[in-house]
Amino acid sequence: MIFIVSNIMLLFSSSFGKIASHPFLSPTPALAPTLDFLNLTELLSVVGPFHTFLGYLESTKVIDTFQNQANNTEEGITIFVPKDSAFNAVKKTVLSNLTSDQLKQVILFHALPHFYSLAEFTSLSQTSSTPTFAGGDYTLNFTDDSGTVHISSGWSKTKVSSAVHATDPV
């Protein structure tokens with residue numbers, strides 16, 4: 001399964017308002033601007049050729065799990081999103097022969113239940129494996145090759161080349 005990990009990722013973290021005050025201004029605290037609700041469906045629809053992955057997110061209802069993690073937790077989320085071309089490289093029968101539960105596990109395998117910035121992937125290479133939303137034996141291994149981060153799933157290996165959306169964790 002070549003498409004298991006991707007060279008594109010989305011990084012999300014929830015954001016919370018902070019009370020700000022100044023000794024010479026009104027004693028009433030003001031809330032700092034907060035990140036609006038992040039709509040993953042909208043984002044994936046406009047930022048790249050991710051329609052196939054988005055279709056699987058919606059059909060398995062994993063989009064709800066990822067959406068909740070991105071907007072309602074302090075941990076945030078990191079999602080590895082394969083381009084449509086990655087799915088085109090896989091035989092159609094590979095995915096069509098999966099049960100709905102197996103397909104859901106494959107999609108859950110594409111996300112980490114924590115926000116990681118691109119810079120943090122270098123430190124992840126120091127760990128033996130990183131758990132995914134799929135849980136159990138589904139982990140990813142990160143390696144740093146002269147500043148280029150590679151991800152190995154046991155089925156395939158790819159490099160992280162960019163982030164299409166990233167926010168700093170709280």
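Here are a few things to note about the model shown:
- Surface calculation, 1.4 Å probe, protein heavy atoms: K91 sits at approximately 150 Å² accessible.
- Point-to-point label distance, T41-L95, nm (Cα→Cβ direction, 7 Å offset): 1.8 nm
- In a fully extended conformation the segment linking T143 and S123 would gain 6.3 nm over its present Cα-Cα distance, using 0.36 nm per residue.
- Remark on A111: its backbone amide H falls under 5 Å from those of F80, F133, A134, a criterion applied only to residues 5 or more positions apart or on other chains, H modelled at 1.01 Å from N.
- Highest average packing first - 50-58, 92-100, Cβ atoms within 10 Å: 50-58, 92-100
- Counting only protein heavy atoms and a probe of 1.4 Å, the accessible surface of region 59-166 is 47% carbon and sulfur.
- Restricting region 69-146 to GluC sites (Glu not before Pro) that sit in a DSSP loop and have at most 14 other Cβ atoms within 10 Å of their own Cβ leaves E74.
- Across all Cα pairs in region 39-170, the calculated P(r) in 5 Å bins from zero up to the longest distance comes to 2, 9, 19, 24, 23, 16, 6, 1, 0 percent per bin.
The values are calculated or read from the model by the stated rules, or taken from the named source; none is laboratory data. Note that the structure is predicted; figures quoted are calculated from it, not measured. Cβ atoms come from the backbone with ideal geometry, glycine included; neighbour counts cover every protein chain shown. Remember, those area values only see protein heavy atoms, side chains included, never the ligands or the DNA or RNA. Shrake-Rupley method; radii C 1.70, N 1.55, O 1.52, S 1.80 Å.
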